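Please read the structure below before turning to the comments.
The values are calculated or read from the model by the stated rules, or taken from the named source; none is laboratory data. Computed from a predicted structure; not experimentally measured. Heads up, the Cβs are rebuilt from the backbone with ideal geometry, glycines too, and the neighbour counts pull from every protein chain shown. SASA here: full protein model, heavy atoms, side chains in, ligands and nucleic acids out. Shrake-Rupley method; radii C 1.70, N 1.55, O 1.52, S 1.80 Å.
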Amino acid sequence: MQPFIKPHQYNFIRNQIELLLQQLTTVNDPDVRDAVLYSATTKIFDIIPVLSPEQEELLMTIRNQASEQQLFTYLDQIEPFVEPFPAITVAEIQALFPKTKKLHLPPLDTIDFSATTYLSWNDTSNKRKFFVYPLDGTWIGLESSYLPNIQHGICSLCKTNNEVALVSVRTNKSADHYRAVGNYLCIDSDQCNASITAISDLEKFLANAK
Ligand SMILES: [Zn+2]
């Protein structure tokens, strides 16, 4: 079976498992335990809607996990089926930023692509943040700038409380009219990628800023 779980979907499933672990410690009634497991299963199937019988069978094994240990085993079982961020070369990244002089490159060798929903890195000396993402099957590159004051807040992309910075993107909606779009985003994109569970706001952000 080929990998079919996106990194953000894996995060979602992991969050569901963590929630289950909290809920199950307080529940002994087998019917209630079954209902709690059923509810988690439904949520997982809602976010991964089209499944082959094999994929469904793999994800469905969550229903048989009774103990804490088994729930961790479940995460281990599905992890090999996480589909990494698509491969991209330095040359392809450079081609996405033709106007950027001396492009600061991402550390491609050390990035965990199976935990990457979107590729982003910072040029700390110039306070620039770059994004690369396959939007509707086409690579897009986005350069933004961020304010140096880092604060605690909710990130617009992963919706978790994290260290965020105000990130602005200039969009040229018409030739001489620039509009700045600002969002509070995790300054550390590895942390953001470890938390993000949905891509709708990410794709909206990237599409608006294009
Ligand atoms: Zn975030």
- Please give the per residue accessible area of the chain, computed with a probe of 1.4 Å over protein heavy atoms only, in Å². 56 Å²
- residue 60 versus residue 147: modelled label distance in nm, points set 7 Å from Cα along the beta carbon direction: 5.2 nm
- Query: Under a point-charge model restricted to the Cβ atoms of Lys and Arg (+1) and Asp and Glu (-1), what is the dipole moment magnitude of segment 90-209 relative to its Cα centre, in debye to the nearest 20?
  - Reply: 540 debye
- With runs of 4+ DSSP H residues as the only contributors, calculate the mean residue ellipticity of the chain at 222 nm using -39,500 (n - 2.57) per run, divided by the residue total and rounded to the nearest 500. -11500 deg cm²/dmol
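For residue 41 and residue 201, what does the FRET efficiency come to when R0 = 22 Å and r is the distance between their Cβ atoms, rounded to the nearest 0.05?
Details: r = 25 Å, r/R0 = 1.15.
E(calc), rounded to 0.05, equals 0.30.
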- Would you be so kind as to identify which of 139, 192, 169 lies farthest towards the positive end of the dipole of segment 90-209, taking Lys and Arg as +1 and Asp and Glu as -1 on Cβ and the Cα centre as origin? 169
- Expected unfolding gain across residue 126-residue 33 under the 0.36 nm per residue rule, minus the alpha-carbon gap, is 28.2 nm
- Query: Nearest 20 debye, what's the magnitude of the dipole of the chain about its Cα centre given +1 on Lys and Arg Cβ and -1 on Asp and Glu Cβ?
  - Reply: 1280 debye
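Round to the nearest 0.05 the FRET efficiency obtained for residue 97 and residue 136 when R0 = 22 Å and r is the Cβ-Cβ distance.
After rounding, the FRET efficiency stands at 0.70.
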- Item | Net length gained if the chain between residue 72 and residue 161 were fully extended (0.36 nm per residue, minus Cα distance) | 29.6 nm
- Query: In nm, to one decimal, how far is the modelled label at residue 208 from the one at residue 89, with both set 7 Å along Cα→Cβ?
  - Reply: 3.5 nm
